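Quick notes on the structure that follows.
Read-outs throughout are calculated quantities, based only on the coordinates presented, and are distinct from any laboratory measurement. Because the structure is a prediction, the values reported are computed rather than measured. Backbone-built Cβ (ideal geometry, glycine too); neighbour counts: all protein chains shown.
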Amino acid sequence: MGDMTRVVVVGGSAAGMAAAAKAKRVDPSLDVIVFEKGGYVSYAPCGIPYYISGLVRDIDELVYYKLNYFIEKRGLDVRIHHLVTDIDPDNKVVYVKDLKNGNEYSVSYDKLMLATGGVPIKPPIDGVDLDGIHTLRLLEDGYSFRARVNKAKTVAIVGAGYIGIEVAEALRSLNKRVLVFEMLDQVMPSLDKEAAKLVEEELVRNSVELHLGEKVVAFEGGEEVKKIVTTKDSYPVDLVLMAVGVKPNVDLARRIGVELGETGAIKVNEMMETNIMDIYAGGDNTEAINLVTGKPTYIPLAPAANKMGRVAGENMAGGEARFPGVVGTSIVKAFDLEIGKTGLSLREALEYGFDAVAVDIWHGVKSHYYPGFSKMYLRLVADRDTHRVLGIQAVGREGVLARVNTVATALMAGMRTEELKMLDLAYAPPFAPVWDPIIVAANVVERYY
């Protein structure tokens, strides 16, 4: 190997490419190799619903940086269609297969990053492997699903989380009949029922056929799926999207002795180091500390994955960066509604043993006399004992992002409601009322301590 220090990254998704690019930037003398089994690196799977609807015309628009950019501008050795089949941590060797020509070879490393991402959960339901049953994770998945959508009249979506809801909207914009099946009795399981109900009403208003509390038990058809069977009934369908969540892709990690945490994802410290010397991990295969509960959590979302990757990259190049954790911030659009959450729902807070209280308010998003005035629903969750802010859920026609991000900042800072209600937030009639919805909620929740 000579004197050149080599960093090997397994997986070219958000975390992997962030790590590779950061390591090379911190120490340009490094030899950085990325192995990606698919055909794309640095892409945005979150954009797939907008490709299905046609808002994004070409699947290649969802690639942040083309392969050549990393190779020519960043000096990275990126090898697509390459599968890492095994790793020998004692001798620091990676075994690779070139999927295009079948060649197998090995590469030695000094530092290694596992960025193998997450894989869509495919429950062991009868007929789940029939043609016409899709998951959406890779750009290739988006491409094959959209190709099938044109011919389909009725599409079933199994799972009413973020992806399920975004795809339901995309399919309705194409005038498809959309049936959504969710085994729980509400959409968006991370929300409390009160907030979820508002989302359900919006879906129904837009002619999405909701089947809540209905578990899918089988898919039927010859080669191709023709029917979906639930605990209540059966329905003819032309196409199915399985959107029941993501699990960490940890087969390789487990096999080589990398420790998994209580969530089933890879356990790391703040430096993104695993239990094996010189092996790092980050992204959707890795758990993080929830800063509200102090406990490990698995939240496979892009912003955290990118940060984890960057921290791992800096440290593989000799740095001392730290990733503190997450508070669980997310936002989704469902037709004309914005739905955001950060921190804990009331249900989650009680499950974690907080003496939690929640307050629900409806409050104007801008001054009442300004054109386009609408009200927003907010549920603020706080701790009765310490008055600490625990979380917020926000549903409205606009302005949700600002409120959720503000509370996410408050959660990272460990604020109490006394501090939250005194935040110096921006006001002007087109943007916000004098009393911002967050400030109002923080004032009201204190009546319940």
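Taking a straight line from the alpha carbon of K153, these aspartates and glutamates sit under 20 Å away, with near neighbours fewer than eight places off in the same chain left out: D131, D141, E166, E169, E209, E220, E223, E224, D233, D238. Spin-label model, F431 to L174: label points 7 Å out along the Cα-to-beta-carbon direction sit 3.8 nm apart.
By the scheme Lys and Arg +1, Asp and Glu -1, what is the net charge of all other residues having a beta-carbon under 12 Å from that of P324? Before the final figure, lay out the partial values.
Values: positive: K307, R322; negative: E270.
Combined, the nearby Lys, Arg, Asp and Glu give +1.
For segment 367-381, the Karplus equation 6.51 cos²θ - 1.76 cosθ + 1.60, evaluated at θ = phi - 60°, returns couplings of 5, 4, 8, 7, x, x, 4, 8, 9, 10, 8, 10, 10, 9, 10 Hz by residue, with Gly and Pro reported as x.
Relative contact order of the chain, taken over Cα pairs closer than 8 Å and 6 or more residues apart, is 14 percent. Look at where the Cα atoms of segment 276-313 and of segment 173-209 average out, and the two centres are 30 Å apart. Estimated from helices alone, the mean residue ellipticity of the chain at 222 nm is -7000 deg cm²/dmol (sum of -39500 (n - 2.57) over DSSP H runs with n ≥ 4, per residue). Partners of K295 within straight-line reach, counting aspartates and glutamates whose Cα lies under 15 Å from its Cα and excluding those fewer than 8 residues away in the same chain: E262, E270, E287, E348, E351. Shown for T135, T417: other C-beta atoms within 10 Å of each C-beta, ranked fewest to most, produce the order T135, T417.
With neighbour counts taken as other beta-carbon atoms within 10 Å, the residues V180, V217, V225 rank, fewest first, as V217, V225, V180. Measure up K100/K333; K100/K247; K97/K333; K100/K227 against 31 Å on the Cα-Cα distance and list the ones that go over. Exceeds cut-off: K100/K333; K97/K333; K100/K227. Using a simple spin-label model with pseudo-atoms 7 Å out from Cα toward Cβ, V128 and Y370 lie 4.8 nm apart.
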